[in-house]
Amino acid sequence: MSAERAESESVVIHLTARLLARVAQVDPQVLREALPATLPWMRFLPKSDADAMSDEFIAAAEAGTALGDFGPVARPIDG
């Protein structure tokens, strides 16, 4: 991958993460409903665990955006 493409992808990732973080601030329920549609395996979790996963994902996305490090966002997804 070229450096230019990597930079473009980084800009899009940061923008998307900031957008999701803002949505989470305004209406966290939207992401709690959207995550199982995006990560279908979440449908097998009990509601309390799915809510905890959603909260962890939102917190990690907000922190990752602030730090420019998205590893914490991937950890709950990758297991």
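Every read-out reported here was derived from the displayed coordinates using simple, explicitly stated rules and does not represent laboratory data. These numbers were taken from a predicted model, which means no experiment stands behind them. Because the Cβ atoms are built from the backbone with ideal geometry, glycine has one as well, and the counts that use them run over all protein chains shown.
Assorted remarks:
- Positive dipole terminus of the chain, leading residue within ALA61, SER48, VAL12 (C-beta point charges): SER48
- Computed over segment 23-72: relative contact order in percent, which uses C-alpha pairs under 8 Å that are six or more apart: 25
- When each of ARG43, ARG32 is scored by the number of other beta-carbon atoms lying within 10 Å, the sequence from fewest to most is ARG43, ARG32.
- Angle of helix 3-26 to the longest C-alpha principal axis of the chain, folded into 0 to 90 degrees and rounded to 10: 30°.
- Dipole magnitude for the chain: computed about the Cα centre from +1 point charges on Lys and Arg Cβ and -1 point charges on Asp and Glu Cβ, it is near 160 debye.
- Cα shape, segment 1-49, gyration tensor, a/c 1.5 rule: oblate
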